[in-house]
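Structure first, then comments.
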Amino acid sequence: MSDRNVSRRNVLKGAAALGGAGLVVATAGGEVMAASSKLASKNTPQPYTSMFRRPPVLLPSEQGVDEKGPYQKYCLTQKVGRASMVPGLTTEIAGYNGIFPGPTISVQQGTRTEVRIANHLTVQKINGLPFRTVTHLHGSASLPQYDGYANDWTVAGNCKTYKYPNWQQARTLWYHDHNHLSTAQNVFSGLAAQYHLHDPYEQAQLPQGEYDVPLVVSDMAFNADGSVAFDDSDHAGFMGDTVLVNGVPWPKMRVKPRVYRFRMLAAGISRSWRFTLSSGEPMYIVGNDAGMTPKVTPVQSYRHGVAERYEILIDFRKYKVGTKVELRNLSNKNNVDFANTGKVMQFEVVADSGAPDPYKIPTTLDLGPQPFTNRGAIEVNKLTPDMAKARRRVRVERKHGLWTVNGETWEDVENSNFQRVLGNPKPYDVEIWELVNESGGWFHPLHIHLIDAKIIGRNTTPDGKAHPWEGGGKDVFYLGENETVTALMQFTTGDGNEGGRYMVHCHNLVHEDNDMMIQFAVGDVNMNDPVTSDRPAGDDRDEQPAVYAPGFPLGS
């Protein structure tokens, strides 16, 4: 085992020591840890009694233009904060700038960003160990040393500056903790937030500003004192009884009779969702993990796994002022459902003194040109199977009590001195990967770092193709019970410095921590070494006060 790794035995012992926080529940496919909150009735949140709120938008601490073009610099501090999540009590969270979700970062395509992240956390309350952090910008084609490699951790008192190219097409990304063995605890504690990449094509075709709304959806459980209750001692997953949207339990949101765009992120630990509207009206899928979809797809409901991002349009012009519409969760097989986990949030249509909304819901979207085509980059929707230079099989399963990928775990990677790889495509190569769930009844949201991929096959649909809502590019693939997904992808950072190692793992974060993660390499396996190329350093700066963009009215 790598000398940079702490003992798995100690981590798992720390997690299990909570005991009693959860209850092992049998599902059709196996067992999962679930928890009912221990709150008194006066402290128990009720659906649709708290107002919706948006996370603040972080402004850059510096911006300008240099010889490489425009850039922006941001500063974030990982620190303890107090959140009002349940009535009458406060909940201690570990968040970016001490809030959950963390602040949204919003940037324009082609503007490079540097995000300096300082770790001011000390002890992870859930496992009692020193609070180490790793930040992954999920959806970014970053170089390995800035991709949030699981062993590239920042200890308390240190900081790391992550560099992001932002050359890709517009999309909803998110940044979250990725520290090996405690990703689940750290994200559950609050280290998660959205990051929006804009381009002129997206800005011309989809709602913006007040009508472009981030939704960070998660589930949580609480102890009697308002602290979070988490237990992964069964190593199978964790599901709570309280649904949070942007950190608010079952919020109500005032909306105008206009078309709204919602950036839906499932940021929980293990639960999957099936969203629908109580009115029976359709939602329109306009975006996926990798940005806009070529075709706009109306759906009555859709399946949404951990870490997937879907952008949906809801047309509130259809409703009279005063109408209340619920966003509901129909759930999926092998979730553990509680009394109110079928509810998500409520919309109340209010009067609008402005002119009627002229927006016309499109049937197709123009994604614009793919950057770096001169270097060989191909827009994901234009990939075809005949371009593939290799075909690989990636199998997720529980083996001898361990969560594995192709029978291996991250401990095998560590024991190889990080040299063991699933595959080693060259920069700009195209490949077909068959993603196979052979773990019985479990479902797995499988995440492949670096790439955008197109789903070209799914063994459980009537026509053997992707589900209607899965158009466009993906980087998380919902592998339901005994499902196989065939994905077509290209390997590039869009940078002249391509090369290095990237992770593949289950985004049920308990599975990832126990130990369902391996890696692949693009080009030179040791190029841009993610652990040694740009190490975190001591934090010798005073904490910078956060500056946020002007917000929107409460409830919007």
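Which ones in segment 56-83 are open to solvent by 70 Å² or more (accessible area, probe 1.4 Å) and over 23 Å from the mean Cα position of the chain (by Cα)?
Matches in segment 56-83: Ser61, Glu62, Gln63, Val65, Glu67, Lys68.
Identify all residues within segment 297-340 that are more than 18 Å from Thr363 (Cβ to Cβ) and among the polar types (S, T, N, Q); write none if there are none.
Ser301, Thr323, Asn329, Ser331, Asn332, Asn334, Asn335, Asn340
Please determine, by comparing only the residues of segment 221-244 that are open to solvent by less than 10 Å² (accessible area, probe 1.4 Å) and of a type in the set (A, V, I, L, M), which one is farthest from Met51 (Cα to Cα).
The initial filter retains those residues of segment 221-244 that are open to solvent by less than 10 Å² (accessible area, probe 1.4 Å), namely 221-222, 226, 229-232, 236-240, 242-244.
Of the ones still in play, those that are also of a type in the set (A, V, I, L, M) are 221, 229, 236, 239, 243-244.
On the way: Ala221: 20, Ala229: 24, Ala236: 33, Met239: 24, Val243: 14, Leu244: 12 Å.
Checked segment 221-244; the qualifying residue farthest from Met51 (Cα to Cα) is Ala236.
Limited to segment 323-366, what total is found for residues that are hydrophobic (A, V, I, L, M, F, W, C), within 24 Å of Arg258 (Cβ to Cβ) and touching a residue at least 12 places away in the same chain (Cβ under 8 Å)?
Within segment 323-366, residues that are hydrophobic (A, V, I, L, M, F, W, C), within 24 Å of Arg258 (Cβ to Cβ) and touching a residue at least 12 places away in the same chain (Cβ under 8 Å) number 10.
Any idea how many residues of segment 61-82 are under 19 Å from Asn119 (Cα atoms), of a type outside the set (D, E, K, R) and out of contact with any Pro (no Cβ under 8 Å at 6 or more places or on another chain)?
Result for segment 61-82: 6.
From the set of residues in segment 496-528 that are of a type in the set (Asp, Glu) and farther than 13 Å from Ser142 by Cα, which is surrounded by the most Cβ atoms within 10 Å (Cβ to Cβ)?
Asp513
Which numbered condition trips up Pro298, out of (1) open to solvent by 10 Å² or more (accessible area, probe 1.4 Å); (2) within 24 Å of Leu191 (Cβ to Cβ); (3) in a strand (DSSP E or B)?
Checking Pro298 against (1) open to solvent by 10 Å² or more (accessible area, probe 1.4 Å); (2) within 24 Å of Leu191 (Cβ to Cβ); (3) in a strand (DSSP E or B), the one that fails is (2).
Report, by residue number, each residue of segment 415-441 that is buried (at least 20 other Cβ atoms within 10 Å of the Cβ) and either of a type outside the set (A, V, I, L, M, F, W, C) or modelled with pLDDT under 95 (or both).
Once the filter is applied, which keeps residues that are buried (at least 20 other Cβ atoms within 10 Å of the Cβ) and either of a type outside the set (A, V, I, L, M, F, W, C) or modelled with pLDDT under 95 (or both), segment 415-441 yields Pro425, Pro427, Glu431, Asn437, Ser439.
The values are calculated or read from the model by the stated rules, or taken from the named source; none is laboratory data. From a predicted model like this one, the values you see are computed outputs, not experimental measurements. In this analysis, Cβ positions are derived from the backbone assuming ideal geometry, glycine residues included, and neighbour counts consider all displayed protein chains. When the accessible area is computed, the model is the full protein with side chains, heavy atoms only, and any ligands, DNA or RNA have been set aside. Shrake-Rupley method; radii C 1.70, N 1.55, O 1.52, S 1.80 Å.
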